[in-house]
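Structure first, then comments.
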Amino acid sequence: MNKKLWAILLLVVGCTATLSSDTSPEYVKQCSKSDPKLIICLIDALHHLRSYLKVGISEIELPSVEPFRMDELTLSLTGGTNGYKIQLRELFIRGASNYTVEDIKLGSPFQAIVRMPALILDAHYSSSGVLIILPASGNGTFHARFGDAKVLVRGTISTKLRENKTYLNVDNLDVALGVKNLQMRVSKIFNNNRILTEAINLFLRENGQEVLKLMEPQLKKKLSALFAGIVNQLLRHVPVESFLIP
């Protein structure tokens with residue numbers, strides 16, 4: 001089978017799964033490899049799966065993606081001896097299941113463009129250092145809304161035969177996030193010190209895209225690992241023959 005077709009298979013199997021090659025659960029929309037509109041079918045299959053990803057699929061031990069959790073992000077927002085640093089811990093991100101697949105490009109590596117109306121991030125917040133002229137060390141909560149989020153996904157795969165069935169594995173997955181409308185704010189920090197809270201939020205309003213750029217390398221790495229883990233959890237249970245029929 002050529003590389004283009006394997007790329008198609010990954011995009012479906014990455015978001016559709018079944019317990020065995022002899023059954024087709026309700027969350028699987030099967031596609032025929034002889035269908036002249038195969039790509040449209042594959043995109044429809046991904047959209048069909050949205051409501052199941054939202055609650056999880058216990059049969060294959062796939063947890064809900066709402067919310068999905070990340071451990072931490074650490075950012076240095078200003079330089080110098082007393083540079084302002086923040087740490088976000090126990091990040092929870094909501095909205096990932098409300099996606100639309102806009103485009104799929106076949107080949108090796110494969111590529112897909114996915115859009116989401118909004119990704120909502122909540123986290124524990126801690127900071128140290130001086131922001132502008134204000135000592136700004138403290139703890140609190142962090143909230144962000146990434147509106148009109150666009151995710152570019154690229155990846156490579158390998159195949160393996162097991163019990164006369166073909167299984168896929170994501171070897172490399174790269175995720176790039178673009179956001180048009182960005183809102184960030186903190187609350188309940190510095191013992192509810194109003195002046196410090198307003199200073200931090202003013203900084204975030206005026207420098208949100210720059211803060212996102214600082215987040216991007218860590219977000220990219222963590223999201224890529226997280227999504228690859230989810231996809232490979234599916235791939236371990238799903239032979240290609242289960243969802244791509246003659």
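The values are calculated or read from the model by the stated rules, or taken from the named source; none is laboratory data. All figures in this text were calculated on a predicted structure; none of them were measured in a lab. Cβ sites come from the backbone with ideal geometry, for glycine too, and all protein chains shown count toward neighbours.
Out of curiosity, is H143 over 26 Å from Q233 (Cβ atoms), in a strand (DSSP E or B), modelled with pLDDT of 90 or more and within 18 Å of the chain's Cα centre (by Cα)? Give the steps one after another, and end with the answer.
Values: over 26 Å from Q233 (Cβ atoms): yes; in a strand (DSSP E or B): yes; modelled with pLDDT of 90 or more: yes; within 18 Å of the chain's Cα centre (by Cα): yes.
Yes.
Please go through the stretch 184-204 and give me each residue that is free of Cβ contacts under 8 Å to residues at least 24 places away in the same chain and within 24 Å of the chain's Cα centre (by Cα), ordered by number.
Within the stretch 184-204, just L204 meets the criteria.
Pairs needed: first member in the stretch 39-56, without any contact (Cβ under 8 Å) to a residue 12 or more places away in the chain; second member anywhere, not in a helix (DSSP H, G or I); C-beta distance under 7 Å; at least 6 residues apart or different chains.
Listed by first residue and then by second, the contacts come to V55/S64; G56/L62; G56/P63; G56/S64.
Working only within the stretch 188-208, note down all residues that are out of contact with any Lys or Arg (no Cβ under 9 Å at 6 or more places or on another chain) and surrounded by 12 or more Cβ atoms within 10 Å (Cβ to Cβ).
The answer is K188, I189, F190, N193, L196, A199, L202, F203, N207, G208.
Here are the criteria: (1) outside any strand (DSSP E or B); (2) surrounded by 19 or more Cβ atoms within 10 Å (Cβ to Cβ); (3) not hydroxyl-bearing (S, T, Y). Tell me which single one L121 does not satisfy.
With (1) outside any strand (DSSP E or B); (2) surrounded by 19 or more Cβ atoms within 10 Å (Cβ to Cβ); (3) not hydroxyl-bearing (S, T, Y) applied to L121, the lone miss is (1).
If you take just the helices (runs of 4 or more DSSP H) that sit entirely in the stretch 1-88, which of them hold at least 3 residues that are modelled with pLDDT of 85 or more?
Those helices (runs of 4 or more DSSP H) span 38-48, 50-55.
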